[in-house]
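Please read the structure below before turning to the comments.
The values are calculated or read from the model by the stated rules, or taken from the named source; none is laboratory data. Computed from a predicted model, the values in this text were never measured in an experiment. Reconstructed Cβ throughout: ideal geometry from the backbone, glycine too, with neighbour counts over all protein chains shown. The accessibility values were calculated without ligands, DNA or RNA, using every heavy atom of the protein model including side chains. Shrake-Rupley method; radii C 1.70, N 1.55, O 1.52, S 1.80 Å.
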Amino acid sequence: MEHWKSYEALLQQNREWVAKRNNEDPHFFKRLANQQRPKFLWIGCSDSRVPANQITGTDPGEVFVHRNIANMVIHTDMNMLSVLDYAVNILEVKHVIVCGHYGCGGIRAALDNNQYGIIDNWIRHIKDVYLMYREELEKIKNIHERENALVEYNVIEQVLDLSQTSIIQNSWQKRGGPWIHGWVYDVADGLIKDMEVSMKDYSTLPSIYKLKPR
Ligand code: CO
C-alpha cells in the first residue's frame, strides 16, 4: 500500500531540483526573482501527462500556462479570459498555443452519454464541436480514430474561439500579435503535431466575428 506521506517525496525532490539547478547555473533563481518575461501563453489540458514545460523543453519563466479539462477556450470563462488578457496585454506574449492531446479523457467523455458530474456542463462544449464535424466524424468507424479526430477538430475550434475574443482582436489591431496556434500532443510517443491553423490576423474569419477598432 502506498505510504500516506507520499507527498513528502515531492518536497524532497524539490530540494534536490533546487540544488541541481543552482549547481548548473548559480544565477538561475536570482534572474527569475524580479520578473517574468514569457513569450508564450500555453492553453492546455489538465491531464497529468501533458506538462507544458517538460514536453517543450522550456524552463521556468518561459511559458505562461493555463490548463483546464480538454484545453477549452470558453468565452464566458473568467479564469481563461483573465489569463489571456494578462498574457496578451501585460506580458505581451508573442504566441498563444492551444495544445490538445490524443487520449484526452474529456474528449472521450464527450463522445459517450454517461454522466460524470459538474463536468458534464463543461464537456457539453465539446459535444458542440462534435456536431460541427459530425459528418466527417461519423465516417470514422474505429472509435479510437474518431476520438483522435475529435481531439484535432476541438483544437482547431478552440483556436477559432480565441481569434473571436475581443482580447485577441484588439491586440491584433494594436500590435499585430500574438500569433495563435493549434497543436496536438501524443501521449503515446511524446511528439507534438502542429495542426497548421496558425492565425495572426482575422482576415480568414467570417465577417460576423470581426470587431471594428473602438
Ligand atoms: Co485531456
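Surface calculation, 1.4 Å probe, protein heavy atoms: LEU205 sits at approximately 10 Å² accessible.
What longest region of the chain stays clear of GluC sites (Glu not before Pro) that DSSP places outside H, G, I, E and B and that have at most 15 other Cβ atoms within 10 Å? It runs 93-195. Distances between placed amide hydrogens fall under 5 Å for VAL65 paired with TRP42, all partners being 5 or more residues away or on another chain.
Split the accessible area of the range 57-211 by element, probe 1.4 Å, and carbon with sulfur accounts for 53%.
Using alpha-carbon pairs under 8 Å, 6+ residues apart, how would you state the relative contact order of the range 153-214 in percent? Value for the range 153-214: 33 percent.
Run the dipole for the chain about the Cα centre, Lys and Arg Cβ at +1, Asp and Glu Cβ at -1, nothing else charged, and hand back the magnitude in debye, nearest 20.
Values: 25 positive and 27 negative charges, 165 e Å.
So the magnitude is around 800 debye.
With the Cα gyration tensor of the range 1-104 giving a ≥ b ≥ c as the square roots of its eigenvalues, does the rule (a/c under 1.5 for rounded; else a/b larger than b/c for prolate; else oblate) give rounded, prolate or oblate?
Details: a/c = 2.22, a/b = 1.23, b/c = 1.80.
Note, shape of the range 1-104 comes out oblate.
Lys pairs in the range 42-202, Cα-Cα under 22 Å, at least 8 apart or on separate chains: how many?
On the way: LYS94/LYS174; LYS94/LYS193; LYS94/LYS200; LYS127/LYS139; LYS127/LYS141; LYS174/LYS200.
Pairs that pass both the separation and distance tests number 6.
If you sort the three axes of the alpha carbon gyration tensor as a ≥ b ≥ c, you get a/c of 1.5 or more for the chain and a/b no higher than b/c, which makes it oblate. Farthest towards the positive end of the charge dipole of the chain, among the residues LEU11, ASN53, ASN79, is the Cα of ASN79, using unit charges on the Cβ of Lys, Arg, Asp and Glu. Model label points for LEU32 and SER82, set 7 angstrom from Cα along the Cα-to-Cβ axis, are 2.3 nm apart.
For the chain, a Gaussian network of Cα nodes joined below 10 Å ranks SER82, SER163, SER48 by mean-square fluctuation, and the top entry is SER48. So how exposed is SER207, as accessible area in Å² (1.4 Å probe, rounded to 10)? Per-residue accessible area (SER207): approximately 90 Å².
Express in nm, to one decimal, how much length is gained between ARG175 and LYS200 on full extension, taking 0.36 nm for each residue of separation and deducting their alpha carbon distance.
Working: separation 25, 0.36 × 25 = 9.00 nm, distance 1.06 nm.
Full extension of this stretch gives 7.9 nm more.
Helix-only arithmetic for the chain: the sum of -39500 (n - 2.57) across DSSP H runs with n ≥ 4, divided by the residue total, places the mean residue ellipticity at 222 nm at -13500 deg cm²/dmol. Just tell me which aspartates and glutamates come within less than 19 Å, Cα to Cα, of LYS5; anything on the same chain fewer than 8 places away is out. The qualifying aspartates and glutamates are GLU16. Calculated accessible area for the chain comes out at 61 Å² per residue, all protein chains present (probe 1.4 Å; ligands, DNA, RNA ignored). Shape class for the range 170-214: prolate, because the ratio a/c of the largest to smallest gyration tensor axis (alpha-carbon atoms, square roots of eigenvalues) is 1.5 or more and a/b beats b/c. Compared with the direct C-alpha span, the chain from ASP112 to ASN14 gains 31.3 nm at full extension, assuming 0.36 nm per residue. Which whole DSSP H helices in the chain pass both tests: a Cα extent of 27 Å or more along the axis and a mean Kyte-Doolittle value no lower than -1.0? Correct list, ordered by number: 143-163.
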